[in-house]
1. Can you find a residue in segment 202-222 that is among the charged types (D, E, K, R), crowded, with 16+ Cβ neighbours inside 10 Å and free of Cβ contacts under 8 Å to residues at least 40 places away in the same chain?
2. Name the single residue, out of those in segment 320-357 being acidic (Asp, Glu) and surrounded by fewer than 22 Cβ atoms within 10 Å (Cβ to Cβ), that is nearest to the ligand (Cβ to nearest atom).
3. Out of the residues in segment 182-201 that are buried (at least 17 other Cβ atoms within 10 Å of the Cβ) and among the small types (Gly, Ala, Ser), which is nearest to the chain's Cα centre (by Cα)?
4. Which ones in segment 51-78 are of a type in the set (A, V, I, L, M, F, W, C) and surrounded by fewer than 23 Cβ atoms within 10 Å (Cβ to Cβ)?
5. Which of the residues belonging to segment 131-153 are within 25 Å of LEU292 (Cβ to Cβ) and in contact with a Gly (Cβ under 7 Å, 6 or more places away or on another chain)?
6. Inside segment 379-409, can you point out the residues that are farther than 22 Å from ILE34 by Cα and in contact with a Lys or Arg (Cβ under 8 Å, 6 or more places away or on another chain)?
7. So the check is Cβ under 6 Å with 6+ separation or different chains; which pairs have a first residue in segment 170-197 that's under 26 Å from LEU130 (Cα atoms) and a second one that's within 16 Å of the ligand (Cβ to nearest atom) and of a type in the set (Phe, Trp, Tyr)?
8. Could you check segment 330-418 for helices (runs of 4 or more DSSP H) lying wholly inside it with 2 or more residues that are closer than 29 Å to LEU213 by Cβ and either of a type in the set (Phe, Trp, Tyr) or touching a residue at least 40 places away in the same chain (Cβ under 8 Å) (or both)?
Amino acid sequence: MATAHASITNWAGNITFAPSHLHRPESVDELRRIVAHSPKIRALGTGHSFSRVADTAHDLVQLDRLPRRVVIDHDASTVTVTGGMRYADLIYLLHQERLALANLASLPHISIAGACSTGTHGSGDTQRCLAASVAGLEVVGPEGDLVELSRDVDGDEFAGSVVALGALGIISKVTLDVQPAYPMAQRVHALVPLDEVASSLDEVFGAAYSVSLFTDWRATGDVWLKRRLDQPETAWDGGRRAGVPMHPVPGMPVELSTDQLDVAGPWHERLPHFRPELTPGAGEELQSEFYLPRAAAPAAFAAIREIADLVAPVIHIAEVRTVRGDDLWLSPAYHRDTVTFHFTWVDDLDVVGPVLAEVEKRLRPLGARPHWGKLTAAGPAEIVAGYERAADFAELMRKRDPEGKFRNAFVDGLFGSL
Ligand SMILES: Cc1cc2nc3c(=O)[nH]c(=O)nc-3n(C[C@H](O)[C@H](O)[C@H](O)COP(=O)(O)OP(=O)(O)OC[C@H]3O[C@@H](n4cnc5c(N)ncnc54)[C@H](O)[C@@H]3O)c2cc1C
């Protein structure tokens, strides 16, 4: 089904999409026909990106009306799902089968294909970005052809195809690694002095399976520990254990947050910060995030603390997380263990812009790679300079999509001249 001249916005409302047509196919065959007949087309997931990564003036396709298929392969420990499916829809089905994913982002309401396409991550020293759990893809190519790609068979080309910003075709199926379900418990260590965090970064971020530091960068932070109950506890016990549930952003409704206070529960009700069963409304916020080499964490920490008085007034909150390195060409954690510095800004680009530029001035020399789906002041040339496989990706785009059917201005700006 196509709607002419549709006008829709992303989750944050900072981007209005004005495609020539919005398509919502009800079968993969219909999707293939739409792609074959389109001069230029992009996929839109759940629209949670803040950047123009999904934007197009031509055809836009959403896969939310494709029949929802979930096929579990117990022998291979994988699940194969329809491209447009959200993590929030999958996690309950997996849990019923006593299966789990290794990791989730802060909210599970994002589409699996869209999140993997941008290198979206959760947190954990041992945990890679969500795309690193992709074992296979089915992609609709420019002629409406179906391309099957598998981690085991397609090696390096597969590594170039998972975090691909929508530029290699429309992902109609994703196969993800699964593992036996595991129990977790979450607690918050409140008001941890930032001096203490800075002097014991490895202890703090190694204190649980998944760790997040929330701070306004002034003096203290709240450390959220998400423990797997089938793994030993560590010794770190800084700050004060919170006695009441918290929201990552002070003053926001705690009912939206997943259970804390060390109450045991299933993996999918502890790993995300926000409850899967509640749909958060569109936020009055903007976001930026930078992936830095883990070894640069102390320098980056100090660099942001120096401008805390500039940053604090224009953020709702900031978050620091860790991500294990991977081999996906466009993953911002490519070939390096990573620490991420995230900023949830107030919804006013005029006041945020200069502060964002100042943050990036400090983080870029330390090797910062901006999140593909969030706001950055860096130009395309600066961004791709951080990716050693950028030219290989440009070559892969030309091979798989010679006419550039799946490219948009965002992708052309980055890779068009390589
Ligand atoms: C409240 C909030 C919390 C967030 N938390 C986190 C977090 O914890 N960690 C983190 O790393 N990021 C986080 N993000 C960012 C978010 O995860 C990414 O922007 C992610 O890409 C959003 O997924 P989406 O389905 O909305 O993708 P979209 O924004 O719709 O699209 C992103 C890209 O994927 C492509 N795409 C989508 N579907 C397909 C498909 N079927 N085939 C091919 N390409 C496709 C699009 O063309 C586009 O290039 C958050 C964002 C918000 C708003």
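The values are calculated or read from the model by the stated rules, or taken from the named source; none is laboratory data. Please read all numbers here as calculations on a predicted model, not as lab measurements. With ideal geometry, Cβ positions are generated from the backbone for all residues, glycine too; neighbour counts draw on all protein chains shown.
1. Step one: of segment 202-222, the residues among the charged types (D, E, K, R) are 202-203, 216, 218, 222.
Filter once more, so that each one left must be crowded, with 16+ Cβ neighbours inside 10 Å: 216, 222.
This time we only want the ones that are free of Cβ contacts under 8 Å to residues at least 40 places away in the same chain, so: 222.
Among the residues of segment 202-222, at least one is among the charged types (D, E, K, R), crowded, with 16+ Cβ neighbours inside 10 Å and free of Cβ contacts under 8 Å to residues at least 40 places away in the same chain, which makes the answer yes.
2. First, the residues of segment 320-357 that are acidic (Asp, Glu): 326-327, 337, 347-348, 350.
Checking which are surrounded by fewer than 22 Cβ atoms within 10 Å (Cβ to Cβ) leaves us with 327, 337, 347-348, 350.
Details: ASP327: 18, ASP337: 16, ASP347: 12, ASP348: 17, ASP350: 21 Å.
Only one residue tops the list, namely ASP347.
3. ALA185
4. Those that are of a type in the set (A, V, I, L, M, F, W, C) and surrounded by fewer than 23 Cβ atoms within 10 Å (Cβ to Cβ): ALA57, LEU66, VAL70, VAL71, ILE72, ALA76.
5. Looking only at segment 131-153, we keep the residues that are within 25 Å of LEU292 (Cβ to Cβ), and these are 131-134.
The answer is ALA131, and nothing else.
6. So the first thing to find is which residues in segment 379-409 are farther than 22 Å from ILE34 by Cα, and the list is 379-396.
Matches in segment 379-409: GLU382, ILE383, GLY386, TYR387.
7. TYR182/TRP267; MET184/TRP267; VAL188/TRP224
8. Details: elements: 349-363, 380-384, 390-400, 409-415.
Filter on segment 330-418 gives 349-363.
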